[in-house]
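Q: Handing you a structure now.
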Amino acid sequence: ECAWGAGFIDNVNGTPYRWTQATPAVRYYLDKGDVSSSILHAEGRTLVDAAFARWGNVSTSWLTSASFEDAGDDANDIDGTNWTDYISISADGSALQVLKDYSIILFDKNGAIFTQLFGAGSANLVLGLGSPGGYNASTVTITKGFAIINGAAQGISSPSIAATLTHELGHLLNLAHV
């Protein structure tokens, strides 16, 4: 089961928020830790880059492979002790915001982030979470986003991570479930 996604729309005129068409539209950093106990960081990077490439190959979109830039590793192994240095939760729990000036892909190796977000037992069930995480209201554009991949989910494997990344990066791009 994949978790919560977005679909942010300007409340005044009903226009969906979009990424700018500048190149690259999405510049992202990766958590420098491992994805899971069996999927190491290098493989995680390959899976992330491949998922962004899939979105860059959608023929009905202006996005191309040049729309995404892997900016390297963040300085930290982001986990249950420091993830709130990167993402904040609104007081009512309805919105998440990226606190850095860039998009970030987090690997929740032991499920601690998901447990903090969704409660006990969620680390076994929730595969990922993704959303835009920063906006420019005057231009109705998205400025940054995030995805969190749960390396502790039951039955996690490279193929399930690949599918989850593609799904969650769709949410980062502001695509909602239909």
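Q: Take the residues of the stretch 34-57 that are of a type in the set (Val, Ile, Thr) and in a helix (DSSP H, G or I): which is farthest from Phe146 (Cα to Cα)?
A: Thr46
Q: Still on this model: How many residues does the stretch 71-85 contain that are open to solvent by less than 80 Å² (accessible area, probe 1.4 Å) and without any contact (Cβ under 8 Å) to a residue 24 or more places away in the chain?
A: 2
Q: Out of the residues in the stretch 65-85 meeting the condition of being within 15 Å of the chain's Cα centre (by Cα) and among the hydrophobic types (A, V, I, L, M, F, W, C), tell me which one is nearest to Thr115 (Cα to Cα).
A: Trp83
Q: Right, here's the next one. In the stretch 162-178, what count of residues is obtained for those that are under 8 Å from the mean Cα position of the chain (by Cα) and under 11 Å from Pro132 (Cβ atoms)?
A: Adding up the residues that qualify gives 2.
Q: What pairs come out if I take residues in the stretch 101-120 that are more than 28 Å from Asn136 (Cα to Cα) and open to solvent by 50 Å² or more (accessible area, probe 1.4 Å) and pair them with residues that are at pLDDT below 95 and assigned to a helix (DSSP H, G or I) whose C-beta lies under 7 Å away, six or more apart or interchain?
A: Thr115/Ser122; Thr115/Ala123
Q: Just checking, how many residues over the stretch 86-100 are β-branched (Val, Ile, Thr) and either open to solvent by less than 30 Å² (accessible area, probe 1.4 Å) or part of a loop (DSSP other than H, G, I, E, B) (or both)?
A: Adding up the residues that qualify gives 2.
Q: Of everything in the stretch 4-22 that's touching a strand residue (DSSP E or B) at 6+ places or on another chain (Cβ under 7 Å) and modelled with pLDDT under 85, which residue is surrounded by the most Cβ atoms within 10 Å (Cβ to Cβ)?
A: Filtering the stretch 4-22 for residues that are touching a strand residue (DSSP E or B) at 6+ places or on another chain (Cβ under 7 Å) and modelled with pLDDT under 85, the one surrounded by the most Cβ atoms within 10 Å (Cβ to Cβ) comes out as Ala6.
Q: A follow-up question, please. Could you grab me the full set of residues in the stretch 42-70 that are touching a residue at least 60 places away in the same chain (Cβ under 8 Å) and either among the charged types (D, E, K, R) or surrounded by fewer than 16 Cβ atoms within 10 Å (Cβ to Cβ) (or both)?
A: Answer for the stretch 42-70, where residues must be touching a residue at least 60 places away in the same chain (Cβ under 8 Å) and either among the charged types (D, E, K, R) or surrounded by fewer than 16 Cβ atoms within 10 Å (Cβ to Cβ) (or both): Glu43, Ala50, Arg54.
Q: Something else: Write out, first by first residue and then by second, each pair whose Cβ atoms fall under 8 Å of each other, whose residues are 6+ apart or on separate chains, and whose first residue, in the stretch 1-17, is closer than 15 Å to Asn136 by Cβ while the second is open to solvent by less than 100 Å² (accessible area, probe 1.4 Å) and at pLDDT below 85.
A: Pairs found: Pro16/Gly7.
Q: Oh, and also: Working only within the stretch 121-142, note down all residues that are without any contact (Cβ under 8 Å) to a residue 40 or more places away in the chain and closer than 24 Å to Asp74 by Cα.
A: Across the stretch 121-142, the qualifying residues are Ala123, Gly134, Asn136.
The values are calculated or read from the model by the stated rules, or taken from the named source; none is laboratory data. Quick caveat: nothing in here was measured; it's all calculated off a predicted structure. Glycine also receives a Cβ, built like all others from the backbone with ideal geometry; neighbour counts cover every protein chain displayed. To get the accessible areas, we keep the full protein, side chains included, count just its heavy atoms, and leave off ligands, DNA and RNA. Shrake-Rupley method; radii C 1.70, N 1.55, O 1.52, S 1.80 Å.
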